[in-house]
Amino acid sequence: MGIQERKEREKEDMRRLILEAARKLFLEQGYEKTSIRGIADAIEYSPGTIYLYYKDKNELLFALHEEAFLKMMQELSKVVIISDPFERLIEMGRQYIKYALENPELYDLMFIMQAPMETLACRDEIWEDGLKSFGLLKLVIEDCVKAGYFKETNIEVMAMTIWAYMHGLVTIYLKNRMSMFQDNQQLERIQESFQLFVKMIKTSL
């Protein structure tokens, strides 16, 4: 390995070390209570070292945000092998629920926390990760329309409606709002609600 390659690997290792420490502290302490100094202390480096890689806490959080979207897109992309578009749409919904329930802290980072969006606003950039995942949903819905499953033809409105339901469903669970039922059947309720939603969109759209 050459000197340049070794330096690049060392930089990547340091980025990974910083991100893992930040992720751990964001989860344990929350975004507001986590500081660059705290992250630096966790990896036993000076705050100045972190600033060599990330401008501020928002930028660091956004790097985690981008990684989370990449992971979700990898999961959602598995549905492309399903030939029937409506079955593909249903499986995409299942994968979305699965991802959210298995990665609650990442889901919070991607769709609930405000800080990543503030970083975008400061950069005067659009939410590319959100557009990519939303675009994938729109493509599947468009295939459903072409196959005759839906009469509605406003793809964007349909996609927003479906996403809004899915987001609401998993957020109610992740934020412990289903605990009011006190019957330990939260996961069953999610699946039953999802199945009902599938029937609704198949008959009404």
ask   = Taking H as built 1.01 Å from N, whose amide H comes closer than 5 Å to the amide H of Phe150, not counting residues under 5 places away?
value = Val145
inquiry  = Quick check: at a probe of 1.4 Å, how many percent of the accessible area of the chain sits on carbon and sulfur atoms?
reply    = 53
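Dipole of the chain, Cα-centred, from +1 at each Lys and Arg C-beta and -1 at each Asp and Glu C-beta, to the nearest 20 debye?
Using Cβ point charges on Lys, Arg, Asp and Glu, the chain gives about 240 debye.
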request  = Report the semi-axes of the equivalent ellipsoid for the chain in whole Å, largest first, where each axis is √(5λ) for an eigenvalue λ of the Cα gyration tensor.
outcome  = 37, 21, 15
ask   = Using a basic spin-label model with each label point 7 Å from the Cα along Cα→Cβ, how many nm lie between Gln182 and Val157?
value = 4.3
query = So how do Tyr53, Tyr96 rank on accessible area, 1.4 Å probe, biggest first, that is with the largest at the start?
reply = Tyr53, Tyr96
query = Ignoring ligands, DNA and RNA, what accessible area per residue does the range 1-155 give at 1.4 Å, in Å²?
reply = 57
Backbone HN-Hα couplings from phi across the range 147-163 [Karplus 6.51/-1.76/1.60, Hz, Gly and Pro as x] = 7, x, 6, 10, 8, 4, 10, 7, 4, 5, 5, 4, 5, 5, 5, 5, 5
note = Scalar couplings 3J(HN,Hα) for the range 105-113 by Karplus 6.51 cos²θ - 1.76 cosθ + 1.60 (θ = phi - 60°), nearest whole Hz, x for Gly and Pro, are 5, 5, 4, 4, 5, 6, 10, 10, 5
ask   = Across the range 80-93, in residue order, what do the Karplus-derived ³J(HN,Hα) couplings come to in whole Hz, using 6.51 cos²θ - 1.76 cosθ + 1.60 with θ = phi - 60° and x for Gly and Pro?
value = 5, 6, 7, 6, 6, x, 5, 5, 5, 5, 4, 5, 4, x
Förster radius 41 Å - calculated FRET efficiency between Leu70 and Lys7, Cβ distance, rounded to 0.05 = 0.95
inquiry  = How much length would be gained if the chain were fully extended between Ile112 and Glu192, taking 0.36 nm per residue of separation minus their Cα-Cα distance, in nm to one decimal?
reply    = 26.4 nm
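The values are calculated or read from the model by the stated rules, or taken from the named source; none is laboratory data. Only a predicted model underlies this, so the values are computations on that prediction, with no experimental measurement involved. Note: ideal-geometry Cβ built from the backbone for every residue, glycine included; neighbour counts use all protein chains shown. Protein only, heavy atoms only, side chains kept; ligands, DNA and RNA dropped before computing areas. Shrake-Rupley method; radii C 1.70, N 1.55, O 1.52, S 1.80 Å.
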